[in-house]
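The numbers here are math on the coordinates, done by the rules we state, and not lab data. A quick note: this is a predicted structure, and the numbers were derived from the prediction, not measured. Using ideal geometry, Cβ is built from the backbone for each residue, glycine included, and neighbour counts are taken over all protein chains shown.
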Amino acid sequence: MTSSAQQYEVENSAVDRLVGQVKGEVLLPGDPGYEAELAGFNEIARHRPRLIVAAVHPDDVVAAVRFAGERGLAVGVQATGHGIAAPDEHALLISTRRMNTVAVDPLTRIARVEAGAQWHQVIAAAAYHHLAPLNGSSPLVGVVGYTLGGGLGPLGRQYGYAADHVTRFRIVTADGRHRTVTPEADADLFWAVRGGKGNFGVVTDLEFRLVPVRRLYGGGLYFPGELAAPLLRTWRDWTRRVPESMTSSVALLRLPGLPGVAGHPAGRLAVHVRIAFTGPAEEGERLVRPLRAVGAALADTVREMPYTDVADIHQDPTEPLPYHERNIVLRDLDDAALKRLLEVAGPDADCTDPMVEVRQLGGALSRPPAVPNAVGNRDGAFTLSTLSLPGSPDRVLAPLSGWGTGRRYVNFLAGPDTADAAADCYDERTRARLDRLKDHYDPDNLFRRGHALRPEHD
């Protein structure tokens, strides 16, 4: 252990004992590898913890949580760093990215993943058996954090949230216990963690059902910004009659470049319709025809594709960058709402957000799962989300709040200005039950980083 331990309140002997208890590494500021271990996808903020436990085994997580609990240190967790909120400055950070084993049982259609696994691993393993997970738009996102926040992806309207399909998980709670949690064992904790994000412990592995999807009719339609108004109106009306097997969204993009679109001026508005349809390609072609008829497309990548190409639908960034991510849930998208959206984010607006997206909900996303969980927003019709440049204020969501449900979706929140937004992600009844269970499972608020139910300053 390096001499950098001298600068901390945590005594050297205790750190040395922790080093002896874990199979992975214990890193302090100034140690080789400390900075590299903190690197995450969203560079809007950066953790500066007192120490890092780079876990390689569940026992490492147990040792780290017990160490933190004995000393009153907050515990943070990072797998990929996509959803960073409150950065760890005086805490213990558990890095889980080395715990990334994925296993698929084709007979039971169950996947088991460790805490640091990413969706591309599960997509590939499931596809071998003609199955698919309920992953998000980016295959580089961590499976566990995404699922604990609900999990809203390209198959959502047909199959619901990823959290709805969890069958079992193992979690280290604030008392240092490594619990196996199922609908029958620790039923309250099973309800709370699926939707309650990381507020109740550190999930070390997760099991969930896969779905029998091998191919999609999917991709993107890119249109010039001048068509934003007729396209949004056509898409809004179209969403009212499409089947649940169709999940879609529309994004207003102001990017340095568009994938597969040559000659489009950098930063100039383009409209991207994202399509994911699980039915026959011929039926998908018929369904998408009204959207294609709006005008001449800059590019059209909608096609029959293997599910392993699902990332082509949204074309999310693949390299780290800094951004705020914010959202509200909309109860409606009437003509007045569309007019307001175009005023603040359309072709004549002074909006600088690289992305403003409206995503359709409904279908299975509106129905309660077979085993209830804490995922909210099942009464919403759409999500409205933004990716904004560092330092950019909210110029889009506040003007649309009159059409909102008053709620947000926790997985579409990132950046320090969203750290206290957990209160906005649940209805009063759900929040009250989460608070009671927080008192029971984490009375000292050990897990108070990220999108915390009780932020550190409370």
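Compute the Kirkwood hydrodynamic radius of the chain, taking the inverse of the mean of 1/r over all pairs of distinct Cα atoms, and give it in Å to one decimal. Each step should come with its number before you reach the end.
Values: mean 1/r = 0.0443 Å⁻¹.
Evaluated on the chain, it is 22.6 Å.
Test of understanding: what is the full-extension gain from E89 to K23, defined as 0.36 nm times their sequence separation minus their Cα-Cα distance?
21.3 nm
On full extension, the segment bounded by A296 and E70 gains 75.0 nm, given 0.36 nm per residue less the C-alpha separation. Hey, for a label at A398 modelled as a point 7 Å past Cα toward Cβ, could you say which residues of the range 425-458 have their backbone N under 19 Å away? Answer for the range 425-458: none. In order along the range 364-372, phi translates into HN-Hα couplings of 5, 5, 9, 9, x, x, 4, 10, x Hz, rounded to whole numbers, per the Karplus curve 6.51 cos²θ - 1.76 cosθ + 1.60 with θ = phi - 60° and x for Gly and Pro.
Residue ranges 416-428, 265-277, 13-25 sort as 265-277, 416-428, 13-25 when ordered by packing (mean number of other C-beta atoms within 10 Å per residue, highest first).
Tell me the relative contact order for the chain as a rounded percent, counting alpha carbon contacts under 8 Å between residues six or more apart. This gives 18 percent for the chain.
Just check the range 312-447 against the gyration tensor rule for me: Cα atoms, a ≥ b ≥ c as the square roots of the eigenvalues, rounded for a/c under 1.5, and otherwise prolate or oblate depending on whether a/b exceeds b/c. Numbers along the way, then the final one.
Numbers: a/c = 1.92, a/b = 1.44, b/c = 1.33.
Verdict is prolate for the range 312-447.
Local charge sum around V375 (other residues, Cβ-Cβ under 10 Å, Lys/Arg +1, Asp/Glu -1)? Walk me through the intermediate numbers first.
Working: positive: R194, R378; negative: D164.
Spelling it out: positives minus negatives among the neighbours equals +1.
Cα centroids of the range 272-329 and the range 140-213: 27 Å apart. For V56, the residues 5 or more places off, or on other chains, whose built amide H falls under 5 Å of its own are K23, G24. Shown in residue order for the range 57-67 are the 3J(HN,Hα) couplings computed by the Karplus curve 6.51 cos²θ - 1.76 cosθ + 1.60 at θ = phi - 60°: 8, x, 4, 5, 5, 4, 4, 5, 5, 5, 4 Hz (x for Gly and Pro).
Taking Cα atoms, how many degrees apart are the long axis of helix 12-21 and the longest axis of the chain, rounded to 10 and kept between 0 and 90? Taking Cα atoms only, the helix is inclined about 70 degrees.
Compared with the dominant principal axis of the Cα atoms in the chain, helix 428-441 is inclined by about 20°. Between D334 and R268, the simple spin-label model (points 7 angstrom out along Cα→Cβ) gives 3.6 nm.
Phi-derived couplings, Karplus 6.51 cos²θ - 1.76 cosθ + 1.60 at θ = phi - 60°, listed residue by residue for the range 180-191: 9, 10, 9, x, 9, 10, 6, 4, 5, 5, 4, 5 Hz, with x used for Gly and Pro.
Answer rounded, prolate or oblate for the range 375-440, using the Cα gyration tensor with square roots of eigenvalues a ≥ b ≥ c: rounded when a/c is under 1.5, else prolate when a/b is larger than b/c, else oblate.
Working: a/c = 2.66, a/b = 1.50, b/c = 1.78.
Oblate is the answer for the range 375-440, as a/c is 1.5 or above yet b/c matches or exceeds a/b.
The range 331-408 and the range 54-101 have Cα centres separated by 32 Å. The angle separating the long axis of helix 335-345 from the principal Cα axis of greatest extent in the chain is about 70 degrees. Extending 7 Å from the Cα toward the beta-carbon at both H129 and A187 defines two label points whose distance is 2.8 nm.
Report the relative contact order of the range 20-97, percent, no decimals, based on alpha-carbon pairs under 8 angstrom and at least 6 residues apart. Intermediate results must be reported in sequence, preceding the final value.
On the way: 139 pairs, mean separation 28.9, N = 78.
Over the range 20-97, the number comes to 37 percent.
Kirkwood-based Rg over Rh for the range 249-326 (C-alpha set), two decimals? Don't skip to the answer; put the middle values down first.
Values: Rg = 14.0 Å, Rh = 14.3 Å.
Checking Rg against Rh, the ratio lands at 0.97.
Count Lys and Arg as plus one, Asp and Glu as minus one, and take only other residues whose Cβ is under 14 Å from that of V144; the net charge is then +4. Amide H contacts for R407 (H built 1.01 Å from N in the peptide plane; partners 5 or more residues away or on another chain; cut-off under 5 Å): V329.
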